[in-house]
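The values are calculated or read from the model by the stated rules, or taken from the named source; none is laboratory data. Because the structure is a prediction, the values reported are computed rather than measured. Neighbour counts run over all protein chains shown; Cβ positions are idealised from the backbone, glycine included.
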Amino acid sequence: MMTLICGGSKCGKSAFAEKILDEFNGRKIYIATMEPYGQEAFDAIERHRRIRSGKNFETVEKYRNIAEIQLSKDCAILLECLGNLLANEMFSEYAPKNIADMIFDGLINLKKNSAELVVVSSTVDCDGIEYSPETTEYCRTLAEINSRAAEFADNVVECVYGVPIALKGRLLC
């Protein structure tokens, strides 16, 4: 089963994603995609570590090419987050040509090879502001990935001001 959780910045996505897996009794893997650049990133990473502490997650730091991840099929995976993953891929020195396809193929692989997959993503293109061409392309690509992931997912949840709203399937907790 796959659940996609989207929403704006600091809207409760991560807490809700972790709550979904609270009752999972097997191995729980947290795939961290935020590369630690700058104090803000280090602060965010530390905050997420504190929130996860005591919840029995094993952390796998994977900043690019999630299709390479090999785990046992009986585990639950929490991937945090597609927005960071896309930025890492898109703005790296070795940016692949078909980034959306590559990331989506990685999601298919993770879903196929896990008991449960929870994916956190962001909605960053709803403000109507004009951005640089690079940022506009990032927003377009993330929207494409989110749309494809939502179609593929069993459940889609949007977090708004800390309130999870089921858009597809059902709320799992």
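Answer with yes or no whether Cys139 is over 9 Å from Leu4 (Cβ atoms), in a strand (DSSP E or B) and among the hydrophobic types (A, V, I, L, M, F, W, C).
no
List, please: which pairs have Cβ atoms under 6 Å, are six or more places apart or on different chains, and start with a residue in the range 1-25 that is part of a loop (DSSP other than H, G, I, E, B) and crowded, with 16+ Cβ neighbours inside 10 Å and end with one that is at pLDDT 90 or above and among the basic types (Lys, Arg)?
Matching pairs, first to second residue: Leu21/Lys28.
Could we say that Glu61 is under 15 Å from the mean Cα position of the chain (by Cα), acidic (Asp, Glu), over 20 Å from Gly12 (Cα atoms) and surrounded by 15 or more Cβ atoms within 10 Å (Cβ to Cβ) here?
no
Given the residues Ser132, Ser122, which is the only one that is buried (at least 17 other Cβ atoms within 10 Å of the Cβ), under 26 Å from Ala41 (Cβ atoms) and hydroxyl-bearing (Ser, Thr, Tyr)?
Ser122
What number of residues within the range 46-64 are in contact with a helix residue (DSSP H, G or I) (Cβ under 7 Å, 6 or more places away or on another chain) and either in a loop (DSSP other than H, G, I, E, B) or under 14 Å from Leu117 (Cα atoms) (or both)?
3
Can you tell me which residue among Leu172, Leu82 is surrounded by 17 or more Cβ atoms within 10 Å (Cβ to Cβ) and under 14 Å from the mean Cα position of the chain (by Cα)?
Exactly one of Leu172, Leu82 is surrounded by 17 or more Cβ atoms within 10 Å (Cβ to Cβ) and under 14 Å from the mean Cα position of the chain (by Cα), namely Leu82.
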